[in-house]
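**Student:** Quick one: structure below, then a few questions.
The values are calculated or read from the model by the stated rules, or taken from the named source; none is laboratory data. The structure presented is a predicted model; accordingly, all values stated were derived computationally and were not measured. When we count neighbours, we look across all protein chains shown, and the Cβ atoms used for this are built from the backbone with ideal geometry, even at glycine. Protein only, heavy atoms only, side chains kept; ligands, DNA and RNA dropped before computing areas. Shrake-Rupley method; radii C 1.70, N 1.55, O 1.52, S 1.80 Å.
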Amino acid sequence: MKHSQPLVIGNWKMNPISLLDAKKIFSEIKRSQKKFSGTSVMIAPPAIYLPDLSRINKNTSIQLGVQNINPLPSGAHTGELSLPMVQEFGATFSIIGHSERRGNGETNDEVALKVVSLLKHRITPVVCIGESERDEAGNFFVFIEAQIKSVLSQVPKTRYKDIVFAYEPIWAIGTGKNATIDDIMEMQLFIQKVITKFASRTTANQIKILYGGSVHGGNAGLLFQSGALDGFLVGGASLKPTEFLAIVTATTI
Ligand code: 13P
């Protein structure tokens, strides 16, 4: 059983389509914050909403973050946002290597570079890993191992504990088909084994492992009770406050 404080992260992706709606969703979550004292709640809205949400996020324990970042501080990089920029508006974490970005060409090396830069700025990297499909022979483990190794090989071992890994099998994202408890338990052991090879069992135990992919209020409790997880990375359900809060409640210990 895990003993660390659980995390539930909402990845709003490119939603909602107005600032007004973003504020409504955020305020509704904020109103219920007393209910989730045992769990860290983190929300990654589209970065353009960050300044406004940050302003209404006073006196709460909710953390705001971004869905991607450029690892460089400034310069000629059209359309990009840097760490100091988002940090000024309250970002404390960044999702990195989401499969929807990897699908657009983001490589393991680019993901690793972003993680290194985030750690330097003391912003938590939430690194997404996950296979597109499962094969009988278990070759997908090789794919996942490469995703983890490319990050760990660039980071000093003393900083491993500051990384969060989110196991998000691509086939489970937005499909309504979540990974089973057995799948998740097996993957958690595998991720820990890979980390142990690089560092130690103690370090492996310190790194938080989340699951994402069709998590909702109805399945979060059972998945969390498996004891394999430190929490969830939630897409669609994070835009529905009641559903999102049910997921948070399922992890409150
Ligand atoms: P869904 O919860 O909509 O399946 O999305 C998961 C996800 O991609 C979170 O990053």
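**Student:** Sorted by average packing, counted as other Cβ atoms within 10 angstrom per residue and highest first, what order do 129-142, 187-200 take? Working shown, then result.
**Tutor:** Working: 129-142: 13.9, 187-200: 17.1.
Going by the mean number of other Cβ atoms within 10 Å, highest first, we get 187-200, 129-142.
**Student:** Volume per residue, Å³, of the convex hull around the alpha-carbon atoms of the chain? Don't jump to the answer; show the numbers that get you there.
**Tutor:** Working: hull volume 30.7 nm³, N = 253.
Normalising the Cα hull of the chain by residue number yields 121 Å³.
**Student:** On average, how much area does the Cα convex hull of the stretch 204-253 cover when viewed from any direction, in nm²?
**Tutor:** On the way: hull surface 13.7 nm².
Answer in nm², one decimal: 3.4.
**Student:** Here is a further query. Let me see the P(r) profile for the stretch 154-195: every Cα-Cα distance counted, bins of 5 Å, each bin given as a percent of all pairs.
**Tutor:** 5, 18, 23, 21, 15, 10, 6, 1
**Student:** Moving to a separate point now. Under a 1.4 Å probe, what is the accessible area of the chain per residue, stated in Å²? Present the calculation step by step, with values, prior to reporting the outcome.
**Tutor:** Values: 11860 Å² over 253 residues.
Accessible surface, normalised per residue, equals 47 Å².
**Student:** Let me ask another. Most mobile of 118, 19, 53 per a Gaussian network model of the chain (Cα springs, under 10 Å)?
**Tutor:** Looking only at 118, 19, 53, the biggest GNM fluctuation is shown by 19.
**Student:** Starting from the 7 Å offset along Cα-to-Cβ, what nm value, one decimal, do you get for the label separation of residue 189 and residue 60?
**Tutor:** 3.9 nm
**Student:** Further question on the same structure: Normalising by the residue count of the stretch 1-91, find the relative contact order in percent from Cα pairs under 8 Å and 6+ residues apart. Mind dumping the intermediate values first?
**Tutor:** On the way: 115 pairs, mean separation 26.0, N = 91.
It rounds to 29 percent for the stretch 1-91.
**Student:** Turning to a different aspect of this structure: So for the stretch 121-211, Kirkwood radius off the Cα pairs, Stokes-Einstein at 20 °C and 1.002 mPa s: how many µm² s⁻¹? Each step should come with its number before you reach the end.
**Tutor:** On the way: Rh = 13.6 Å.
Estimated via Stokes-Einstein, D reaches 157 µm²/s.
**Student:** Based on the Cα atoms of the stretch 1-142, what semi-axes does the equivalent ellipsoid have, where each is the square root of 5 times one gyration tensor eigenvalue, given in whole Å with the largest first?
**Tutor:** On the way: eigenvalues 136, 88, 46 Å².
Here the semi-axes work out to 26, 21, 15 Å.
**Student:** Could I ask something else about it? Cα atoms only, the stretch 113-162: Rg and Dmax in Å?
**Tutor:** For the stretch 113-162, the Cα radius of gyration and maximum Cα-Cα distance read 13.0, 41 Å.
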